[in-house]
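Since the structure comes first, as structure tokens, the remarks are kept for the end.
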Amino acid sequence: MLTCFNTVSSSNSTPITVIQLNDFDKWLANQSIQIKQWLTTTQFCAKSGAFCLLPDPSGKLSLVICCIADADDLWGVGALPFALPEGDYLLDIPEINYSRFAIAWGLGAYQFTLYKKPSRPPANLVLPATCQLAEINNLVSSIYYVRDWINTPTDNMGPSEFAAEAVKIGKEFGAKVKQIVGDDLLLQNYAAIHAVGRASDDAPRLIDIRWGDKKHPKLTLVGKGVCFDTGGLDIKPSSYMALMKKDMGGAAHTLGLARMIMQAQLPIQLRVLMPVVENAIAGNAYRPGDVIRSRKGLTIEIGNTDAEGRVVLADALAEAVSDKPDLLIDIATLTGAARVALGTELPAMFANNDDIANAAIHHAQRQQDPVWRLPLFSLYRDMLNSTIADINNDSASSYGGAIAAALFLKEFVPDDIPWLHFDLMAWNLKARPGRPQGGEAMGLRALFSYLKAWAIR
Ligand code: BES
Ligand code: ZN
Ligand code: ZN
């Protein structure tokens, strides 16, 4: 399932000259008549991602050129793994920028091969001995995992299968992995997670991973793990349900981020809490109008069984804050409204603390892994008022739905715990260089970069 680009060196690797657009004319002026003529013949047009295969006099491939907009334009090389002929290549790029381009190449080389044989292998990038090989492989392979988990249909990635992946990752790095499954959720005061997941044949559960030294700063990740979201009794129309195998994307992101942290041995005391359920329909499904007593003690009126993510996160967040982490991050495919506001390719970020928000945005920009902050606009809190319970999971208005959902979560997070909440798509509707269609890790390179700095601040 998991394949990553390798680093086997070879004496006949084809060099790829990467040229910034501003430098193109200067580069061209220094080329031979033959090369100039070939670029004219093939009507080469210098723009980001444009590439050309250059033959030697015998007609063999001798050089590839690839244009990038500027030194930060990592996606300029993202299409090469499947645009170039199979074989080994070397990137000619300044060493300081090497890692990000190697990562873009690696991400562009991804294929989901569980059910279909790939038509060809990607072109292989040969990495120089001087590059940060461990970190490149860590980021690329962790993102491959995230994509694989999201792409795998619920039939093979239900709550128990996702839990098995968490156990496998935990074992690999010597983490403690605990699960509270099925009716034990009720015995241990997780009624909200149980209510959402109880109608599925595959029992609901809370996965709890702990790793790292107690002397390090405490980070807790919480991920929405709805392995399939039918909408529940408030059933989704088929076009809205079609992609809902990806509704465990938040949990996949937190598990992938945990893998990055553990593999890199960041000085962090890590906890990962993933409520993992299937929002299914059966005679015992939770209903509109039900009231659930959540772990925090707040009662939740179910206005809509399709707003299930915030319900399972309520219990997970209540547990997450019980041991006062120094930083709390949750990641969820929480609302369609966030996609209406920002589109599918830009994750929404909410924060109860400007310093951490600004730091996260800084790293997102540096890593070309964008996020956009939306406000926890408290005036909208009354959209969640319930006449019979402390809060309603459905908003009275269809406007501002991503903010309403974030305000719902905020009820379960004390103001003195620095908290980031991500509402994201976890899916590429269309392919772009380095970002194939299908399951996608969004904002994870940004978060890893931020956490590396946070851990040693
Ligand atoms: N999983 C969905 C949200 C979603 C849909 C994320 C499409 C990304 C793409 C979530 O559980 C949901 O259905 N939310 C509802 C909430 C509403 C009923 C208040 C929504 O956004 O419509
Ligand atoms: Zn839903
Ligand atoms: Zn959902």
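Helix-only estimate, please: 222 nm mean residue ellipticity of the chain, summing -39500 (n - 2.57) across DSSP H runs of length 4 or more and dividing by its residues, to the nearest 500.
The helix contribution divided over the chain gives -9500 deg cm²/dmol.
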At 0.692 mPa s and 37 °C, Stokes D of region 150-299 from Kirkwood alpha-carbon radius, µm² per second
206
Contour minus Cα-Cα distance for Phe24 and Gln368 (0.36 nm per residue)
121.6 nm
Rounded to 5, the percent of DSSP beta bridges in the chain classed as antiparallel:
45
Go ahead and run the numbers for FRET between Asn284 and Asn97, Cβ-Cβ distance against an R0 of 45 Å, rounding to 0.05.
0.20
With DSSP loop assignment and no more than 14 other C-beta atoms within 10 Å, the trypsin sites (Lys or Arg not before Pro) in region 39-126 are Lys47, Lys60, Lys116
Please state the shape class of region 138-455: rounded when a/c is under 1.5, otherwise prolate if a/b exceeds b/c and oblate if not, all from the C-alpha gyration tensor.
rounded
Cβ under 13 Å from Asn428's Cβ, Asn428 left aside: what net charge do those residues give with Lys, Arg +1 and Asp, Glu -1?
+4
Count charges around Asp73 for me, please; just the other residues with Cβ under 11 Å from its Cβ, Lys/Arg as +1, Asp/Glu as -1.
0
Label-point separation in nm, Asn12 to Arg120, each point 7 Å along Cα→Cβ:
1.7
What fraction of the DSSP beta bridges in region 167-273 is antiparallel, stated in percent and rounded to the nearest 5?
65
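Report the local net charge at Ile300: Lys and Arg +1, Asp and Glu -1, summed over other residues whose C-beta lies under 12 Å from its C-beta.
-3
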I'd like the distance separating the alpha-carbon centroids of region 342-366 and region 132-206, in whole Å.
25
Starting with the highest mean, order 223-232, 386-395 by the number of other Cβ atoms within 10 Å, averaged over the residues of each peptide.
223-232, 386-395
Please provide three numbers in whole Å: the alpha-carbon extents of region 5-131 along the principal axes, with the largest listed first.
47, 33, 26
Have a look at the DSSP beta bridges in region 5-131 and tell me what percent are antiparallel, nearest 5.
30
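Computed from the coordinates by the stated procedures, all read-outs in this text should not be read as laboratory data. What you see is a predicted model, and the numbers here were worked out from it, not measured in a lab. FYI the Cβ positions are ideal-geometry reconstructions off the backbone, even for glycines, and counts take in every protein chain you see.
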